[in-house]
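The next block holds one structure in the form of structure tokens; read it before the comments.
The values are calculated or read from the model by the stated rules, or taken from the named source; none is laboratory data. Keep in mind it's a predicted model, so treat the numbers as computed, not measured. Quick reminder, even Gly has a Cβ in these numbers, built from the backbone with ideal geometry, and neighbours come from all protein chains shown. Remember, those area values only see protein heavy atoms, side chains included, never the ligands or the DNA or RNA. Shrake-Rupley method; radii C 1.70, N 1.55, O 1.52, S 1.80 Å.
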Amino acid sequence: MKKNLLACAALSALLSVTALFAEETPVKSLHSYVLDNGLSVFVAENHSVPLAYIEIAVRCGAYTQTPENVGVFHLYEHMMFKGNSLYKDAAAVVRATSDMGAYGRNGTTDIETVNYFFTVPSALTEQGLRFWSAAVRTPTLDKKEFENEKKVVIAEINGQASDPGYRSLKEKYRLFFADSPWTTDPAGTEASIKAATVKQLKEIQKKYYIPNNAALFVGGDVNPDEVRDMAERIFGSWKRGKAPFADGTVRHPAAPFDAPVLRVMPYDKLSPELADIHVEFRGPDAAHNEADTYAADILSSLIAEPSGLFKRTLSEDPLLGLPDADYTSGGYHTRRTCGLFSFSAMVVSPEQDIAERALYFAEKLPLLMQSVSSAADSESLAALCRRLEDDAVIQRQTAKGLLSSLRFWWAVTGEDYYYTYNQNMAKVDSAVLSAFCRAYFDGKNPLVTLYVHPSVYEKTKEQFSARGFFVSGGVQ
């Protein structure tokens, strides 16, 4: 009995020690683990230089906004640098990063994530972790700083609003996602920021800034098990919260338009000798159509091939008038809830039947994409996948490159998607691509946007009116 008890005690001790070690992942030199409070920790080991990249990310952003707090997640991000329980004010925060020799310190708010990051000497990894722990977990949220920071954010919004391209982007999202456009607008509006309150910040903190909705990314000249030990000491007391997505995520309409939506935007940054045509279809959402995202990525790569069927066909079409194959592009950017598939063509002689040519381009795309799908044989698809794998290997040469990519996928799809991406891409064949085109392009109504110089618009505006284009000034 004594021997059995001793054996059990030894096994228990061994398991306790083993639990302290980080787990390897399918990606070389990348380790991961989850703390008891639900915080995911990823460590990329790369001893080439004595530096450590540290990033913490939270699953929230535009897609978690309501009409009442649009833009407030971005404002909250700004407040992370204005003082906390460890550094009392913004000046102390700046001194702390300066004393550490940190560089690249910043934060971003996107549609699916808010993240904070910097790089420090690897000997100061633990100090860097304590910095971000205090910033994210115990921000001061001082009312005076809050009112001052509102002015900074409003200045950013107004600065962006002076760019017609930015206004056009906001209008595009409002057209595609008219059911809840605030879920695609991380910046917000001047009015929404002016109306923001500290109470709203605290509500965001309570609901989203919790360990089981966050991830810590550390990479460089570090030891994975030592980082895990640091994370346990520094973040282990962070209290788990109620899962914020227990009821799922927003689901936008898959077919938002009853007919093609046509807009023309006078754009003074464009040469009078050119017109820029954009055609966009609703694409797959990773939260709801994950399997389709692989076909979308394959098609994006086929479209990008310099001498591929897509570019060659469009550049050789005399009705379009492209200068050469480099003047057309397209592709898909993976999104959790607001996927779009885009095509563009920049053409010459914009005063000649430009409205008709824009419509011709839009009508030509579904059949062309079916042709691209049919022409994709197993050999060419295998070669394409090898190139994509090579690109991933190159990106992983630095810890920051690896972790920044992983953080994106963690937020948008989850880390397992990142680990199995190459295997799932290899399963896509011509039949899968054709099925994707039928589902997302055939018979679907796109948004067609035509950018022309104001002088060209004045000479051709009757064309646009006759074909049902509305004149866009963009949304501020």
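Out of the residues in segment 309-327 that are assigned to a loop (DSSP other than H, G, I, E, B) and of a type in the set (D, E, K, R), which is most open to solvent (accessible area, probe 1.4 Å)?
So, considering only residues that are assigned to a loop (DSSP other than H, G, I, E, B) and of a type in the set (D, E, K, R), the one most open to solvent (accessible area, probe 1.4 Å) is GLU316.
For segment 103-124, name all the residues that are open to solvent by less than 10 Å² (accessible area, probe 1.4 Å) and of a type in the set (Val, Ile, Thr).
ILE111, THR113, VAL114, VAL120 - these are the residues of segment 103-124 that are open to solvent by less than 10 Å² (accessible area, probe 1.4 Å) and of a type in the set (Val, Ile, Thr).
So is ASP292 part of a helix (DSSP H, G or I), open to solvent by 30 Å² or more (accessible area, probe 1.4 Å) and either closer than 30 Å to SER180 by Cβ or of a type in the set (Ser, Thr, Tyr) (or both) or not?
Yes: the conditions hold for ASP292.
Tell me, which strands (runs of 3 or more DSSP E) lie completely within segment 16-103 with 2 or more residues that are in contact with a His (Cβ under 8 Å, 6 or more places away or on another chain) and not acidic (Asp, Glu)?
The qualifying strands (runs of 3 or more DSSP E) are 40-45.
Where in segment 412-476 are there helices (runs of 4 or more DSSP H), lying fully within it, with 3 or more residues that are buried (at least 18 other Cβ atoms within 10 Å of the Cβ)?
430-440, 454-467
If you go through segment 366-379 one residue at a time, how many are surrounded by fewer than 21 Cβ atoms within 10 Å (Cβ to Cβ) and either touching a strand residue (DSSP E or B) at 6+ places or on another chain (Cβ under 6 Å) or not in a helix (DSSP H, G or I) (or both)?
Selection size over segment 366-379: 1.
So GLY330 ticks every box in (1) more than 30 Å from ALA44 (Cα to Cα); (2) buried (at least 17 other Cβ atoms within 10 Å of the Cβ); (3) touching a Pro at 6+ places or on another chain (Cβ under 9 Å) but one. Which box is left unticked?
Unmet condition: (3).
Within the set of pairs 6+ apart or on separate chains, which have a first residue in segment 33-57 that is of a type in the set (Phe, Trp, Tyr), a second that is open to solvent by 60 Å² or more (accessible area, probe 1.4 Å) and in a strand (DSSP E or B), and C-beta atoms under 8 Å apart?
TYR33/GLU23
What single numbered condition from (1) crowded, with 18+ Cβ neighbours inside 10 Å; (2) closer than 30 Å to ALA399 by Cβ; (3) acidic (Asp, Glu) fails to hold for GLU149?
Result: GLU149 passes all but (2).
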